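Working notes for the structure below.
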Amino acid sequence: MRKVDVVLTEIIRNRLVAATEEMAKTMIRTAFNPLLYEVQDFSVTIMSATGDMWAETPGVIVFSQAFPEAVRAGIARWKGNFAEGDVLIVNDPFETGTHISDTNVYMPVFFEGELVAFCGTAAHWADVGGKNPGGWCPDTTDTFQEGLCFRHQKIVERGVKNQGLWDLIDCNVRVPEIVKGDLEAQIASCRQGCERIQSLCAKYGTETIREAMDYVIDQTDRSMRATIAALPDGEYGTSIRLDSDGVQEDGEFLVCLKVTIQGDRVHLSLNGSSPTARGPINLPAPCTKGILASSLKGILLPFDPCNAGHTKCLDFELPPESIVNPVWPAPTDSYGYVIECLMDMMFRCFLNIVPDKCPAGGYQLTGAFFSRSQSRHGKPFVMMDPMHGGNGALIDRDGATNQLTGNGDLPNTPIEITETRHPFRVELFEFAPEVAGVGKFRGGMGVRKDYRCLTDGVYASFVIENTADTTAAGFKDGTDGDHGSLTVMPVEGERIVYNKRVGSIGPFGEGTLFRVITGGGGAWGKASERDPELVLRDVRNEFLTAEDARTRYGVVVEERGGAWSLDLQKTQELRATS
């Protein structure tokens, strides 16, 4: 290899990262589904000609981490037989790592007839024709029930659409206009990345690009190894149980993790995890490895641009035919719950090693989905709203509020978008402080959202898990965060409260109110050690009542002249006797 110009290498590296950012902007500007152009439930990735990650942009982290494995499967299937203008599609969960609704679209990048790289986008489709509108079905028992499955078909071949495949999609999804519009957006995003890579090749040459990125990956690997080598050797383990698999209520759905640090490598074993579940909570191996790798990178090198070098120092041991390593055609539609478990389990394992880098546990994925497939009540629609909640506290600050956990730093859906795109009115959107863990630093708060249905024939699904063995565990005597709920209030009849996930309940008529509360994060440290000024601030912000301040934190606040003030003497006396 020629001597690497480190300055030029850094330029190339950052131009590739910038290319992924442009790809993401193209997705946002051209997608049809609010889940993509507002929530940004997608990722974009640039990979080498052999499938090594070169660059990605912040989004759904597990999509990017698993994408290289999917591309390598495509390379193997086509035996490298790609042409300029090809675009491929794959959503087989056992190759993409998530569930069948997350569709990977990628294209080979050629320069002067030579394959240089791949550009890819992974995005959650509004519908993929499965048992439940929009996916995330709680009770499928095999992949066939979950929707159309693609395995590296060429949706575009040498620049020409495979019209038969487009027609197949059109005939098998509930909202074809939105789905095909999002597919076009994914292709446009890939083409944007392709143009940027070709521009780089024209300026610096393909060999220089390869050498630069090989060097970047090697240096990243060295950096990860050096960081790991500075940690004490040892073994750290934990486990967590899910409530159910959506089909069986009385089974054991256990996820186990043991982290072994030895020298400059980390061994991650999931031995002891339960066998493959009958219901769709199974997590395919590419995503199991991806979320563990992402969590470790987030703990050790959080500000590094992501590439293949961050995973070379990791060894994985996944028990075959288990909940974290199922085989086709096991159901995986509700895969995300195990992702949240694994991420928080990594934090638990590293708490005693690098406590300043690990938060307490965060809330489990929560949200409500609404849909109508029958046109007799009006236009069919699919509305998915994965809501934000509370993350865990850190060693020196309260947990983040109104943030999505696990799957990346994703925005929420603006109320204006919800109301203009779907037959709902949002009548309330506020913090839910009562679910936050109590401690020296409290957990992040959940949110409360009321949806008023403005039409008939609507079905609802509710996403929630770990209501018994929570992911939102408190650390160092901080209390756990509480879980969320769905309350359905029809115009006539009794209200119904759901504390566990349900799918396709209904139909509900015009005027029905759906109230969703998301979970809170775990706290850090004893509540009696919380700074009274922070408690006063929460009372002033109406996150706590005066009675909450007294009973939860042993802090006395009083209203005087229309303003809240702190009584330090009474606080000291109360804390001394409690």
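The values are calculated or read from the model by the stated rules, or taken from the named source; none is laboratory data. Worth saying up front: this structure is predicted, and the values here are computed from it rather than measured. Note: ideal-geometry Cβ built from the backbone for every residue, glycine included; neighbour counts use all protein chains shown. With ligands, DNA and RNA removed, areas are computed over all heavy atoms of the protein, side chains included. Shrake-Rupley method; radii C 1.70, N 1.55, O 1.52, S 1.80 Å.
Just to check your reading of the model, which residue among Ile197, Ile178 is outside any loop (DSSP other than H, G, I, E, B), over 20 Å from Arg72 (Cβ atoms) and β-branched (Val, Ile, Thr)? I'd like the intermediate steps shown before the answer.
Values: Ile197 fails: over 20 Å from Arg72 (Cβ atoms).
Only one candidate passes the filter, namely Ile178.
Could you grab me the full set of residues in the range 176-200 that are surrounded by fewer than 22 Cβ atoms within 10 Å (Cβ to Cβ), over 23 Å from Asn33 (Cα atoms) and out of contact with any helix residue (DSSP H, G or I) (no Cβ under 8 Å at 6 or more places or on another chain)?
Glu195, Gln198, Ser199
Just to verify a result, which residue in the range 252-277, among those that are of a type in the set (D, E, K, R) and out of contact with any Asp or Glu (no Cβ under 8 Å at 6 or more places or on another chain), is least open to solvent (accessible area, probe 1.4 Å)? Full working, then the answer.
So in the range 252-277, the residues of a type in the set (D, E, K, R) come out as 252, 258, 264-265.
Now restrict to residues that are out of contact with any Asp or Glu (no Cβ under 8 Å at 6 or more places or on another chain): 252, 264.
Working: Glu252: 104, Asp264: 59 Å².
It comes out as Asp264.
Identify the single condition in (1) of a type in the set (Gly, Ala, Ser); (2) in contact with a strand residue (DSSP E or B) (Cβ under 6 Å, 6 or more places away or on another chain); (3) at pLDDT 95 or above that Gly457 does not satisfy, given that it satisfies every other one.
(3)
Taking the condition charged (D, E, K, R) and more than 24 Å from Leu300 (Cα to Cα), does Lys357 pass? Working first, answer last.
On the way: charged (D, E, K, R): yes; more than 24 Å from Leu300 (Cα to Cα): no.
In short, no.
Which one of the conditions (1) in contact (Cβ under 8 Å) with a residue 60 or more places away in the chain; (2) in a helix (DSSP H, G or I) does Lys203 fail to meet, given that it meets all the rest?
(1)
Count, please, the residues in the range 389-399 that happen to be surrounded by fewer than 23 Cβ atoms within 10 Å (Cβ to Cβ) and either under 14 Å from Pro507 (Cα atoms) or of a type outside the set (Val, Ile, Thr) (or both).
3
Every residue in the range 165-188 that is farther than 14 Å from Ile89 by Cα and either touching a His at 6+ places or on another chain (Cβ under 9 Å) or not hydrophobic (A, V, I, L, M, F, W, C) (or both), please.
Asp167, Asp170, Asn172, Arg174, Pro176, Glu177, Gly181, listed by residue number.
For every residue, the table says whether it meets (1) over 30 Å from Ser269 (Cβ atoms); (2) at pLDDT below 95; (3) out of contact with any Phe, Trp or Tyr (no Cβ under 7 Å at 6 or more places or on another chain); (4) not hydroxyl-bearing (Ser, Thr, Tyr).
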site: Gly135; (1), (2), (3), (4): yes, yes, yes, yes
site: Phe150; (1), (2), (3), (4): yes, no, yes, yes
site: Val160; (1), (2), (3), (4): yes, no, yes, yes
site: Trp166; (1), (2), (3), (4): yes, no, yes, yes
site: Leu183; (1), (2), (3), (4): yes, no, yes, yes
site: Cys190; (1), (2), (3), (4): yes, no, no, yes
site: Cys194; (1), (2), (3), (4): yes, no, yes, yes
site: Ser199; (1), (2), (3), (4): yes, no, yes, no
site: Thr227; (1), (2), (3), (4): no, no, yes, no
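Only residues that are among the hydroxyl-bearing types (Ser, Thr, Tyr), in contact (Cβ under 8 Å) with a residue 12 or more places away in the chain and surrounded by fewer than 15 Cβ atoms within 10 Å (Cβ to Cβ): list them for the range 531-578, please.
In the first step, residues of the range 531-578 are kept if they are among the hydroxyl-bearing types (Ser, Thr, Tyr); the result is 545, 551, 553, 565, 571, 577-578.
Subset that is in contact (Cβ under 8 Å) with a residue 12 or more places away in the chain: 553, 565, 571, 578.
Result: Ser565, Ser578.
Which residue is farthest from Gly478 (Cα to Cα), if the candidates are limited to the range 370-380 and must be touching a residue at least 24 places away in the same chain (Cβ under 8 Å) and surrounded by fewer than 22 Cβ atoms within 10 Å (Cβ to Cβ)? Quick ask: steps written out before the conclusion?
Residues of the range 370-380 that are touching a residue at least 24 places away in the same chain (Cβ under 8 Å), as a first pass: 370-374, 376-378, 380.
Adding the requirement that they be surrounded by fewer than 22 Cβ atoms within 10 Å (Cβ to Cβ) leaves 373-374, 376-378, 380.
Values: Ser373: 45, Gln374: 48, Arg376: 52, His377: 49, Gly378: 49, Pro380: 46 Å.
For the range 370-380, the residue satisfying everything is Arg376.
Is it the case that the range 478-498 has a residue that's part of a loop (DSSP other than H, G, I, E, B), crowded, with 24+ Cβ neighbours inside 10 Å and of a type in the set (S, T, N, Q)?
Looking through the range 478-498, none of the residues is part of a loop (DSSP other than H, G, I, E, B), crowded, with 24+ Cβ neighbours inside 10 Å and of a type in the set (S, T, N, Q).
Would you say Cys313 is out of contact with any Phe, Trp or Tyr (no Cβ under 8 Å at 6 or more places or on another chain), in contact (Cβ under 8 Å) with a residue 60 or more places away in the chain and open to solvent by 10 Å² or more (accessible area, probe 1.4 Å)?
On the way: out of contact with any Phe, Trp or Tyr (no Cβ under 8 Å at 6 or more places or on another chain): yes; in contact (Cβ under 8 Å) with a residue 60 or more places away in the chain: yes; open to solvent by 10 Å² or more (accessible area, probe 1.4 Å): no.
Criteria not met by Cys313.
Say whether the condition of being surrounded by 15 or more Cβ atoms within 10 Å (Cβ to Cβ), touching a helix residue (DSSP H, G or I) at 6+ places or on another chain (Cβ under 7 Å) and among the hydrophobic types (A, V, I, L, M, F, W, C) is met by at least one residue in the range 355-366.
Within the range 355-366, one or more residues are surrounded by 15 or more Cβ atoms within 10 Å (Cβ to Cβ), touching a helix residue (DSSP H, G or I) at 6+ places or on another chain (Cβ under 7 Å) and among the hydrophobic types (A, V, I, L, M, F, W, C).
Please determine, by comparing only the residues of the range 456-477 that are over 23 Å from Ala527 (Cα atoms) and of a type outside the set (A, V, I, L, M, F, W, C), which one is most open to solvent (accessible area, probe 1.4 Å). Break it down stepwise before answering.
Going residue by residue through the range 456-477, those that are over 23 Å from Ala527 (Cα atoms) are 456-466.
With the extra rule that they be of a type outside the set (A, V, I, L, M, F, W, C), the set shrinks to 456-457, 459, 461, 465-466.
On the way: Asp456: 66, Gly457: 10, Tyr459: 85, Ser461: 19, Glu465: 3, Asn466: 4 Å².
Looking at residues that are over 23 Å from Ala527 (Cα atoms) and of a type outside the set (A, V, I, L, M, F, W, C), I get Tyr459.
For a quick check of your reading of the model, give me the residue pairs whose first member lies in the range 150-164 and is under 13 Å from Phe82 (Cβ atoms), whose second is open to solvent by 90 Å² or more (accessible area, probe 1.4 Å) and basic (Lys, Arg), with beta-carbon atoms closer than 7 Å and at least 6 apart or on different chains.
The qualifying pairs are His152/Arg77.
Is the range 331-349 home to any residue that is hydroxyl-bearing (Ser, Thr, Tyr), in contact with a His (Cβ under 7 Å, 6 or more places away or on another chain) and either closer than 27 Å to Ala393 by Cα or open to solvent by 10 Å² or more (accessible area, probe 1.4 Å) (or both)?
Going residue by residue through the range 331-349, those that are hydroxyl-bearing (Ser, Thr, Tyr) are 332, 334-335, 337.
Imposing the further condition that a residue be in contact with a His (Cβ under 7 Å, 6 or more places away or on another chain) reduces the set to 332, 335.
If we keep only those that are either closer than 27 Å to Ala393 by Cα or open to solvent by 10 Å² or more (accessible area, probe 1.4 Å) (or both) as well, we get 335.
Yes, that holds for at least one residue.
Filtering the range 427-455 down to residues that are among the hydrophobic types (A, V, I, L, M, F, W, C) and within 24 Å of the chain's Cα centre (by Cα), which residue is surrounded by the fewest Cβ atoms within 10 Å (Cβ to Cβ)?
Of the range 427-455, the ones among the hydrophobic types (A, V, I, L, M, F, W, C) are 428-429, 431-432, 435-436, 438, 441, 445, 447, 453-454.
Now drop any that are not within 24 Å of the chain's Cα centre (by Cα), which leaves 429, 431-432, 435-436, 445, 447.
Details: Phe429: 15, Phe431: 19, Ala432: 23, Val435: 27, Ala436: 32, Met445: 31, Val447: 25.
That would be Phe429.
Return the pairs, sorted by first residue and then second, in which the second residue is among the aromatic types (Phe, Trp, Tyr) and open to solvent by 30 Å² or more (accessible area, probe 1.4 Å), the first residue lies in the range 242-260 and is more than 12 Å from Glu465 (Cα to Cα) and part of a strand (DSSP E or B), the beta carbons are less than 6 Å apart, and the residues are 6+ apart or on different chains.
Val259/Tyr236
Only one residue in Glu465, Glu510, Glu492 is under 21 Å from the mean Cα position of the chain (by Cα), closer than 30 Å to Arg372 by Cβ and acidic (Asp, Glu), so which one is that?
Working: Glu510 fails: under 21 Å from the mean Cα position of the chain (by Cα); Glu492 fails: under 21 Å from the mean Cα position of the chain (by Cα).
Glu465 is the lone residue from the list that is under 21 Å from the mean Cα position of the chain (by Cα), closer than 30 Å to Arg372 by Cβ and acidic (Asp, Glu).
Taking into account only those residues within the range 215-243 that are charged (D, E, K, R) and buried (at least 18 other Cβ atoms within 10 Å of the Cβ), which is nearest to the chain's Cα centre (by Cα)?
Kept after step one, since they are charged (D, E, K, R), are these residues of the range 215-243: 218, 221-222, 225, 233, 235, 241, 243.
Within this subset, residues satisfying the condition of being buried (at least 18 other Cβ atoms within 10 Å of the Cβ) are 221, 243.
On the way: Asp221: 25, Asp243: 20 Å.
Per the criteria, the residue is Asp243.
From the list Gly298, Gly290, pick out the single residue that is in a helix (DSSP H, G or I), within 15 Å of the chain's Cα centre (by Cα) and surrounded by fewer than 20 Cβ atoms within 10 Å (Cβ to Cβ). Reasoning before the result, please.
Details: Gly290 fails: surrounded by fewer than 20 Cβ atoms within 10 Å (Cβ to Cβ).
Residue meeting the stated conditions: Gly298.
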